[in-house]
1. Once R0 is set to 45 Å, what does the formula 1/(1 + (r/R0)^6) return for the Cβ-Cβ distance between TYR217 and GLU68, expressed as a FRET efficiency to the nearest 0.05?
2. Give me the compactness ratio for the range 1-43, meaning the Cα radius of gyration over 2.2 N^0.38 Å.
3. Quick one: plug the Kirkwood hydrodynamic radius of the range 109-156 (C-alpha pairs) into Stokes-Einstein at 37 °C, 0.692 mPa s, and report D in µm²/s.
4. State the three equivalent ellipsoid semi-axes of the range 130-221, derived from the C-alpha gyration tensor as the square roots of 5 times its eigenvalues, in descending order and whole Å.
5. Mind listing the long-range amide H neighbours of ALA118? Cut-off is under 5 Å, sequence gap 5 or more, other chains count too, H placed in the peptide plane at 1.01 Å from N.
6. Run the simple label-point estimate for SER48 and ALA170 please: 7 Å along Cα→C-beta, distance reported in nm.
7. Based on the mean of other beta carbon atoms within 10 Å per residue, what is the order of 135-141, 147-153, 44-50, most packed first?
Amino acid sequence: MTDTVVVIYSGGMDSFTLLHRARARGLRVHALSFNYGQRHVRELDVASSVCTALDIPHKVIDIRAMSEVMSGSALTSGDDIPEGHYEEENMKATVVPNRNMILLSLATGYAVTVDAGAVWYGAHGGDHAIYPDCRPEFVEKMDAVCRVANYEAVGVEAPFMHMSKGDILAEGLKLGLDYANTWTCYNGREKACGRCGSCVERLEAFAENGLADPLAYEAGR
């Protein structure tokens with residue numbers, strides 16, 4: 001079995017922790033990021049900086065040409081980013097149609113190319129309420145398909161599937177990770193907004209671990 005894994009790396013907290021978990025387990029990591037027209041594209045700059053510092057092979061795939069078949073999300077349009085917790089109904093506006101199926105399919109092709117045995121991505125328990133493509137049944141079926149889609153079997157794994165954001169942060173802290181090297185906010189402004197679902201969940205995770213977030217937030221947050 002190969003000891004190489006492709007990690008879908010957005011530049012956010014979860015994939016940052018996942019990247020380091022793979023390295024801590026002695027796996028050879030290839031990081032793969034995607035530009036799908038997200039307004040918080042600055043996360044890709046953060047991802048690139050981290051991979052350069054760690055000397056990890058990193059590819060950024062531009063799939064913005066697919067925007068016409070992945071439209072309707074506040075993350076890729078001019079619509080306002082909804083505020084509040086992920087469990088609130090309005091956060092469904094942040095769903096990008098079929099995003100993870102597309103990203104995992106491309107990552108599986110890359111895994112075959114670099115002789116990796118699996119693709120990892122950072123879906124976790126807090127995503128389940130809003131994102132169907134982060135739920136256990138989706139991962140199970142994608143794993144089954146990707147194992148038979150090529151001559152080489154590639155597994156699809158979500159190691160944080162049954163963990164909360166706070167649990168993920170706690171694991172990263174044990175690894176000594178610096179979360180100033182991540183970007184979470186769905187708004188692409190200079191400072192994190194502190195109000196979107198992604199920021200709210202991040203701030204809750206730090207509070208749960210008794211720590212202050214090292215990122216700078218807009219006034220009042």
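1. 0.85
2. Expressed relative to 2.2 N^0.38 Å, the Cα Rg reads 1.27.
3. 288 µm²/s
4. Values for the range 130-221, descending: 32, 16, 12 Å.
5. VAL6, GLY155
6. 3.6 nm
7. Packing proxy ranking, top to bottom: 44-50, 135-141, 147-153.
Just so you know, all these numbers are worked out from the coordinates, no wet-lab data involved. Everything quoted here is computed from the prediction, not taken from an experiment. We place every Cβ from the backbone using ideal geometry, glycine too, and count neighbours over all the protein chains shown.
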